[in-house]
Amino acid sequence: MKKFIWLILALTILTLSGCSGLLEGEYNNSRPHNSAPALPDTPAVNVSNLSELQHALENLIAAHAEFGRLRFTDYDGDIVSDLAQARLNAVTAYPLGSYAVFYLDYSVNQIVTYYEADITVTYKKTAAEMRTIRSGEVDLSLFLQWAVENRRINAAFFCGQEDCSQAAVDRAMDTLYFSQPEMLYRPEVSVSFYPAQEPGAIAELTLTYPYAAAETQTRLTEIRAAAQEIIEAVDTEDEETPVSTRVTLLAQALRGQVEYDWEREAEDQYSPWTQIYTVYGALSQKRAAGEGFAMAFKFICDRMGIECGVVRGRLNNVSHSWNTVRLENGSLYHLDVTDEQLAFCNDEEMSARYRWSLSDYPACDGPSLIS
């Protein structure tokens, strides 16, 4: 029995030593257990200096490529330090890289007499998002109109010489909103720059909407019906009726249906999403502050083909809005629908009680109509 046990031990020792010999001499696997997969067989791009290296990385990003290979032939410079610098520039100073790249990495390999670098890029923006970046001269108001009509959450463009600041974007959104009351509300919009606010940077707008598209459409249907009721109630479609008469009747009808929330307005806590400041608050909820009245009146006038604008200013040192209308004599006049002493005023007459930025609105310089 003992001989048998010793025989088994001897065979075991011989077997283990044989495995050891195989591992040490006949097979050598140097791949780490958790190593990354090899890059695709990508054609190499030759670079010979830092400028070509920089352009190669930027072209890779512009194509939204996830992999790339660079070959350094007769390279003029230090490959390691130049790669580090070019990578930094590509993801921080290059607009597309700053906007779209989450991470860019590389590894350098020596191939006999030259070096190659394998590039991997991870993106925070999709290729489709990069393709929608608007280039060329951009009219902010038109760009915002496109974004709102398409319910875009994000919209980006290359900022040229025009003012792309947050203040400029806010002004453009105000222009759009107060000229198109069918928007129902003013979306909030913020602007971010990649890499910084300067010509050539990418400006990305982020828009926030208070209601879903379906809810917005439902509300629009409601106010269209309410506006049509006012139009039909005063029967002002006779083309021979002077514009001033039609406007007066419409203003009286609107004021008769909508309660003026002057107490809330006096609190001077303006918010474009608060119902009383919106056309929906006036025509559907039947309660509005000055801006709600002004937006509702423009909404009605637009449907009647009467030229009408909205002016934002102050009355009694409180934020307030009113309208301008073009009358049959061809001149613009101020009109505050919330004022029971309804009157058409030129700039001089209106400025006795109201304050606004004259440079922001067309002049109301017609002859006096106040008797």
note = In order over region 307-323: 3J(HN,Hα) from phi, Karplus 6.51/-1.76/1.60, θ = phi - 60°, whole Hz, x for each Gly or Pro, gives 5, 8, x, 10, 10, 10, x, 9, 10, 6, 6, 10, 4, 7, 10, 8, 10
query = Can you tell which of 194, 221, 356 lies farthest toward the positive end of the dipole of the chain, using +1 and -1 charges on the Cβ of basic and acidic side chains (Lys, Arg; Asp, Glu)?
reply = 194
key: Ellipticity estimate at 222 nm from DSSP helix runs (n ≥ 4, -39,500 (n - 2.57)) divided over the chain, nearest 500   = -12000 deg cm²/dmol
query = Can you list the residues, at least 5 places off or on another chain, whose amide H is less than 5 Å from the amide H of residue 101, using H built in the peptide plane?
reply = 124
note = What the Cα atoms of region 132-208 span along the principal axes, largest first and in whole Å, is 34, 20, 19
query = What span do the alpha-carbon atoms of region 44-127 cover on each of the three principal axes, reported in whole Å from largest to smallest?
reply = 38, 20, 16
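Computed over the Cα atoms, what is the radius of gyration of region 262-367 divided by 2.2 N^0.38 Å, N being its residue count? Don't skip to the end; give the middle numbers.
Numbers: Rg = 13.3 Å, N = 106, 2.2 N^0.38 = 12.9 Å.
Compared with the compact-globule rule of thumb, region 262-367 sits at 1.03.
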message = For the chain, take every pair of Cα atoms, bin their distances at 20 Å starting from 0, and report each bin as a whole percent.
response = 22, 34, 20, 15, 6, 3, 0
message = With just the Cα atoms defining each centre, how far is region 228-262 from region 126-192? Give it in Å.
response = 34
message = Under the rule of at least 5 residues apart or a separate chain, name every residue whose amide H is placed under 5 Å from the amide H of residue 311.
response = 322, 323, 324
note = So the angle from the long Cα axis of helix 290-304 to the longest Cα principal axis of the chain, reported in degrees to the nearest 10, equals 80
task = Take the eigenvalues of the Cα gyration tensor for region 321-371, scale each by 5, and report the square roots as semi-axes in whole Å, largest first.
result = 15, 14, 10
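Compute the orientation-averaged projected area for region 104-249 from the convex hull of its Cα atoms and round it to one decimal in nm². Spell out each step's value before the answer.
Working: hull surface 55.9 nm².
Its average projected convex-hull area is 14.0 nm².
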message = Tell me the angle of helix 243-257 to the major Cα principal axis of the chain, expressed in degrees between 0 and 90 and rounded to the nearest ten.
response = 70
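Taking the Cα centre of the chain as origin, work out the dipole magnitude from +1 charges on Lys and Arg Cβ and -1 charges on Asp and Glu Cβ, in debye rounded to 20. Write down the numbers at each step before the final one.
On the way: 28 positive and 52 negative charges, 401 e Å.
The dipole of the chain has a size of about 1920 debye.
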request  = Quick one: among 112, 243, 191, which has the greatest mean-square fluctuation in a GNM of the chain with alpha-carbon springs under 10 angstrom?
outcome  = 112
request  = Find which of 276, 260, 297 sits farthest along the positive direction of the dipole of region 201-311, computed with +1 on the beta-carbon of Lys and Arg, -1 on that of Asp and Glu, about the Cα centre.
outcome  = 276
key: Stretch gain in nm, segment residue 105-residue 198, where the contour uses 0.36 nm per residue and the Cα spacing is subtracted   = 30.8 nm
ask   = For the chain, modelled as a Gaussian network with Cα springs under 10 Å, which listed residue fluctuates most, 296, 156, 213?
value = 213
message = With unit charges on the beta carbons (Lys and Arg positive, Asp and Glu negative) and the dipole taken about the Cα centre of region 105-145, which residue among 115, 133, 145 sits farthest to the positive side?
response = 145
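Please give the peptides 312-321, 280-289, 176-185 ranked by average Cβ packing (other Cβ atoms within 10 Å per residue), highest first, as a rough proxy for protection.
Values: 312-321: 17.5, 280-289: 22.5, 176-185: 19.2.
The packing order, highest mean first, is 280-289, 176-185, 312-321.
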ask   = Pick from 42, 216, 338: which is most flexible by mean-square fluctuation in a GNM of the chain where alpha carbon atoms under 10 Å apart are linked?
value = 42
inquiry  = Explain nothing, just compute: Karplus ³J(HN,Hα) = 6.51 cos²θ - 1.76 cosθ + 1.60, θ = phi - 60°, for every residue of region 349-364 in order, whole Hz, x for Gly and Pro.
reply    = 5, 5, 6, 5, 10, 10, 10, 7, 7, 4, 6, 8, 9, x, 5, 9
ask   = How much length is gained if the chain between residue 163 and residue 233 is pulled fully straight, taking 0.36 nm per residue apart and subtracting their Cα-Cα distance, in nm to one decimal?
value = 20.6 nm
With Cα atoms, 0 to 90° folded angle of helix 79-92 axis to the chain main axis = 20
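Every read-out reported here was derived from the displayed coordinates using simple, explicitly stated rules and does not represent laboratory data. A quick note: this is a predicted structure, and the numbers were derived from the prediction, not measured. A quick note on method: Cβ atoms are made from the backbone with ideal geometry, for glycine too, and the neighbour counts reach across all protein chains shown.
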